[in-house]
Amino acid sequence: MDLLERDDFLDLLDEYAKDADAGDSRVALIAGEAGVGKTTLVEAFQKRRPDARWLWGACDGSFTPQPLAPLVDVAEQLGGEIADVCRSDRLPRSRVFRLLRDELNASDALTVLVFEDVHWADEASLDLIQFLSRRVRDCRMLLLATYRDDALGRDHPLRSLLGEVGTHRWARRISLPPLSQSAVTELAEQVGADGAEVYALTGGNPFYLREALASSGIQLLTSVHDAVQARICRLSPAARDLADWVAVLTPSARVADLSELAATNPVVLDECLESGALVASGDALRFRHELARAAIESSLPTHRQRSMNAAALKVLAARGDVDEARLAHHADLAEDAAAVQTYATRAGELAAQLGSHREAAAQYERVLRWTEGAETWAIASWIDALADEYGLLDQWEQSADVREGSIERWQVLGDSRRLSHALRKQAHAKWRLCAGDEYERLILAAEDVLTGEPSCPELGWALTARAGSLLSTGSGEALDLTLRAIAIAEAFDDTALLSDALNTEACIRMNNGEDVAALFRRSLDVAVTGGHESQTGRAFSNFHAFLVGENHFAEAEEVLAEGLTFWELCDFSTYEACLKGGQVRALDRQGRWDEALLIGRGLVRRAREHLSPVNRLNPLGGVGRVLARQGDPEGVEMIAEALGYAEQLESPDWLLDVRISQIELAWLAGDADLMRNRVTTAVEEGSEVEPHLRAELAVWARRAGISAAGLAPFPEPYDRWTSGDERGAAARLSEAGLPYDAALALLDSGDPDSMRDAVRRLDVLGATATSARARAIMRSQGIAAIPRGSRTSTKDDPLGLTARERDVLTLICQGASNAQIAERLVISVKTVDHHVSSVLTKLGVNTRAAAAEVALAGAAT
């Protein structure tokens with residue numbers, strides 16, 4: 001039964017193994033519903049390839065998983081250094097990843113590495129699969145990962161892994177289906193059962209089918225749960241009791257442990273094994289499938305589950321070698337608050353250390369359900385730990401919500417240092433949520449509560465946080481605060497604080513126009529050497545942003561690659577998103593728009609579903625700018641969305657960045673009044689921001705005829721542009737790798753030949769809306785011989801319109817309103833508004849009537 005209708009899949013695996021053995025390694029993702037036979041398929045394939053080295057690791061879903069459990073399984077099979085490291089009290093994630101990679105690379109034989117049930121994997125294990133999949137080309141390996149595709153919710157972390165790994169050329173997917181009705185009928189008839197009835201009950205699922213047929217000698221039962229129970233009920237009382245204990249001692253039970261809890265004499269053991277209720281696995285017993293184990297466990301009365309888990313906890317804790325996650329699970333079900341507090345705390349700390357932040361959060365959530373008898377300071381500490389884990393998952397709303405509990409408790413206890421810490425962390429959460437007012441209030445409070453306290457690291461943290469809040473409004477005071485924080489960090493040898501303060505100092509000096517590359521590098525090196533993930537993330541993000549702002553794109557790509565490699569080993573959603581958002585900005589500035597859209601659209605989707613508001617700004621702004629320049633109305637909507645977040649955040653740099661995009665939108669639409677109004681507002685707010693933003697704003701101010709003297713000085717080559725040397729600026733901008741800005745500088749020159757060159761450059765970039773605006777400007781100035789566009793979608797249209805814009809113009813000529821156009825074209829009125837604006841811009845007119853006249857005149861000719 002187990003291998004019926006599975007030959008084709010075994011042949012596929014054999015083909016992948018041959019490729020891997022020849023040096024063309026493979027990753028195979030094997031999907032299927034629970035009980036469909038994924039593990040059975042792999043076990044059968046192992047018999048086909050006994051010549052390979054087989055390594056097995058399994059994930060368990062019966063409780064919050066032990067971080068890197070499948071890697072620990074594999075390490076025990078390999079032995080040597082990797083096994084010793086995995087047995088140590090502190091498991092260094094990056095080191096053990098590299099040890100496994102080196103072990104796989106060193107083997108001359110084909111290695112088949114199996115990770116079972118990865119839908120239950122912790123984050124660190126998913127990161128390991130991703131890490132190995134990117135390096136599979138370096139060794140003769142077939143990596144098999146099985147997972148339940150009927151257990152993946154929309155937000156399941158495995159979905160992201162499947163999306164990325166599945167794009168590799170060497171990745172393969174196998175979807176294992178249930179058995180056909182004809183196969184089920186054939187098997188059912190062998191035991192005298194009705195094939196149609198069995199198929200209706202089981203759906204062709206091999207596990208369900210086995211249990212149903214095993215019970216059919218008595219009566220075909222109405223559910224698989226009943227079928228599992230029927231098999232167990234045939235056992236003697238002693239054997240049933242043993243099966244119950246195996247169900248509790250998830251995922252498998254050592255016979256030595258069982259002997260302290262139930263009868264394990266040979267007669268009872270043989271009865272359980274011969275009946276098929278249990279299977280042997282080394283020195284342990286387990287159910288054939290998790291579905292069967294869960295069915296038995298769920299049938300146990302609550303009071304019996306509680307007492308059995310209490311007894312199991314006592315036995316397993318006495319061994320001294322059982323992971324805390326498993327002990328925390330049993331303590332939870334035993335309703336033993338003190339044990340939960342002990343083991344869940346340790347499990348959370350280990351999970352956090354290994355980068356399994358979802359599992360760490362789950363453990364802290366567990367301990368906070370069992371606070372009976374705990375000291376107030378302990379509860380506050382658990383709350384802080386949970387809030388930290390939520391933050392690392394970019395779940396800042398949850399982080400802010402739970403942190404209120406620790407703030408309240410530290411206030412009651414009068415612990416000013418821990419209170420300052422909680423207030424500062426809460427301020428950061430509010431900043432991530434774009435709650436600028438709350439951020440400012442909490443930053444001040446974090447410093448104020450330490451008034452009168454002797455110097456301490458927490459004062460240093462409060463000072464550097466306060467300096468960060470003053471970046472755009474008072475660089476002198478901000479620098480003084482940061483230098484005080486650096487002195488405290490050095491006095492207390494606090495490398496995390498030192499890295500953070502150096503980073504803030506670099507940001508301050510950057511806003512003053514100084515070269516701070518060495519300062520950012522020092523901040524990064526201190527963070528990496530000290531193993532401080534948060535500070536490493538901030539350093540990578542800000543260093544990359546600085547290099548992009550300075551147009552040092554080659555160096556920026558090196559830092560980006562370094563940062564992304566780091567995040568492969570350290571799961572950290574918040575700063576990985578920051579870094580990739582910066583990557584979108586860099587690609588946008590370089591005119592690499594296809595790449596920017598490819599990465600940026602994925603980030604925008606992820607941002608809207610999962611990321612904190614502040615992490616939505618870069619992808620929304622970057623993708624929105626590109627789309628708007630290409631004439632896509634969605635870009636306008638994205639920029640409007642980004643503006644909403646920036647206004648809530650109240651960060652001058654972020655706000656001005658989006659305001660500049662809004663100014664460009666008004667210019668693209670040919671709305672001079674709106675453009676001047678937006679420029680005026682931005683100039684009033686933009687005097688204390690990063691130099692390159694001031695320079696971009698000054699260019700737009702000059703274009704709008706508004707003085708921007710208060711924004712000076714400007715870095716090269718924008719100083720040339722603002723002083724009237726547009727062609728000189730364009731040459732420097734081209735050399736710096738800024739093709740879009742270079743084209744706009746040529747357009748601003750007023751020289752007909754330079755303006756024609758600008759249009760040609762914009763056409764090459766695919767900046768449809770911008771080139772249309774440029775042509776309108778040239779027509780308004782009476783310039784002849786304007787280059788025709790060559791974009792595929794518009795080159796055959798005499799007015800340079802896209803197909804959708806031509807539809808809109810046709811309906812305008814018919815006198816349709818925007819609402820009527822929206823109804824006819826099945827699009828939103830807002831999208832019609834954008835299309836109408838684009839049509840008017842391309843035609844160089846200001847009214848719908850004038851657009852209709854141009855269209856009719858063109859038709860007449």
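The values are calculated or read from the model by the stated rules, or taken from the named source; none is laboratory data. Remember, it's a predicted structure, so these values are computed and weren't measured experimentally. All Cβ positions, glycine included, derive from the backbone under ideal geometry; neighbour counts span all protein chains shown. Quick note on the areas: whole protein, heavy atoms, side chains included, nothing else; ligands and nucleic acids left out. Shrake-Rupley method; radii C 1.70, N 1.55, O 1.52, S 1.80 Å.
Numbers at a glance
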{"read-out": "Odd one out for ASP226, checked against (1) out of contact with any helix residue (DSSP H, G or I) (no Cβ under 7 Å at 6 or more places or on another chain); (2) open to solvent by 60 Å² or more (accessible area, probe 1.4 Å); (3) modelled with pLDDT of 80 or more; (4) assigned to a helix (DSSP H, G or I)", "value": "(3)"}
{"read-out": "Per-region count, the stretch 200-219, residues surrounded by fewer than 19 Cβ atoms within 10 Å (Cβ to Cβ), polar (S, T, N, Q) and modelled with pLDDT of 80 or more", "value": "0"}
{"read-out": "Pairs, first open to solvent by 50 Å² or more (accessible area, probe 1.4 Å) in the stretch 699-712, second not in a helix (DSSP H, G or I), C-beta under 8 Å, six or more apart", "value": "ARG702/ALA708; GLY710/SER687"}
{"read-out": "Residue, surrounded by the most Cβ atoms within 10 Å (Cβ to Cβ), within the stretch 44-80, restricted to residues that are among the charged types (D, E, K, R) and within 14 Å of GLU116 (Cα to Cα)", "value": "ASP60"}
{"read-out": "Selected residue (criterion: most open to solvent (accessible area, probe 1.4 Å)) from residues of the stretch 353-371 that are touching a Phe, Trp or Tyr at 6+ places or on another chain (Cβ under 9 Å) and part of a helix (DSSP H, G or I)", "value": "LEU368"}
{"read-out": "Only listed residue being open to solvent by 20 Å² or more (accessible area, probe 1.4 Å), hydrophobic (A, V, I, L, M, F, W, C) and not in a loop (DSSP other than H, G, I, E, B), chosen from LEU627, LEU655", "value": "LEU655"}
{"read-out": "Top-ranked residue of the stretch 661-689 - restricted to ones that are surrounded by fewer than 21 Cβ atoms within 10 Å (Cβ to Cβ) and over 26 Å from THR847 (Cα atoms), ranked as modelled with the lowest pLDDT", "value": "SER687"}
{"read-out": "Residues of the stretch 375-389 satisfying the condition of being out of contact with any Phe, Trp or Tyr (no Cβ under 7 Å at 6 or more places or on another chain) and in a helix (DSSP H, G or I)", "value": "THR376, TRP377, ALA378, ILE379, SER381, ILE383, ASP384, ALA387, ASP388"}
{"read-out": "Some residue of the stretch 5-14 being more than 26 Å from ALA214 (Cα to Cα), in contact (Cβ under 8 Å) with a residue 24 or more places away in the chain and among the basic types (Lys, Arg)", "value": "no"}
{"read-out": "Selection from the stretch 713-724 of residues that are open to solvent by 60 Å² or more (accessible area, probe 1.4 Å) and free of Cβ contacts under 8 Å to residues at least 60 places away in the same chain", "value": "GLU716, ARG720, SER723"}
{"read-out": "Helices (runs of 4 or more DSSP H) wholly inside the stretch 415-479 that include at least 3 residues being surrounded by fewer than 17 Cβ atoms within 10 Å (Cβ to Cβ)", "value": "436-448"}
{"read-out": "Elements of type helices (runs of 4 or more DSSP H) in the stretch 514-572, at least 1 residues being among the aromatic types (Phe, Trp, Tyr) and in contact with a Gly (Cβ under 6 Å, 6 or more places away or on another chain)", "value": "533-549, 553-569"}
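Each row is one residue, and each column tells you yes or no for (1) under 45 Å from the mean Cα position of the chain (by Cα); (2) surrounded by fewer than 20 Cβ atoms within 10 Å (Cβ to Cβ); (3) part of a loop (DSSP other than H, G, I, E, B); (4) at positive phi.
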residue: ALA263; (1), (2), (3), (4): no, yes, yes, no
residue: VAL267; (1), (2), (3), (4): no, yes, no, no
residue: GLY276; (1), (2), (3), (4): yes, yes, yes, yes
residue: ALA280; (1), (2), (3), (4): yes, yes, no, no
residue: LEU285; (1), (2), (3), (4): yes, no, no, no
residue: LEU291; (1), (2), (3), (4): yes, yes, no, no
residue: ALA294; (1), (2), (3), (4): yes, yes, no, no
residue: HIS303; (1), (2), (3), (4): yes, yes, no, no
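For every residue, the table says whether it meets (1) polar (S, T, N, Q); (2) assigned to a helix (DSSP H, G or I).
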{"residue": "LYS18", "(1), (2)": "no, yes"}
{"residue": "LEU29", "(1), (2)": "no, no"}
{"residue": "VAL36", "(1), (2)": "no, no"}
{"residue": "VAL42", "(1), (2)": "no, yes"}
{"residue": "TRP56", "(1), (2)": "no, no"}
{"residue": "GLN66", "(1), (2)": "yes, no"}
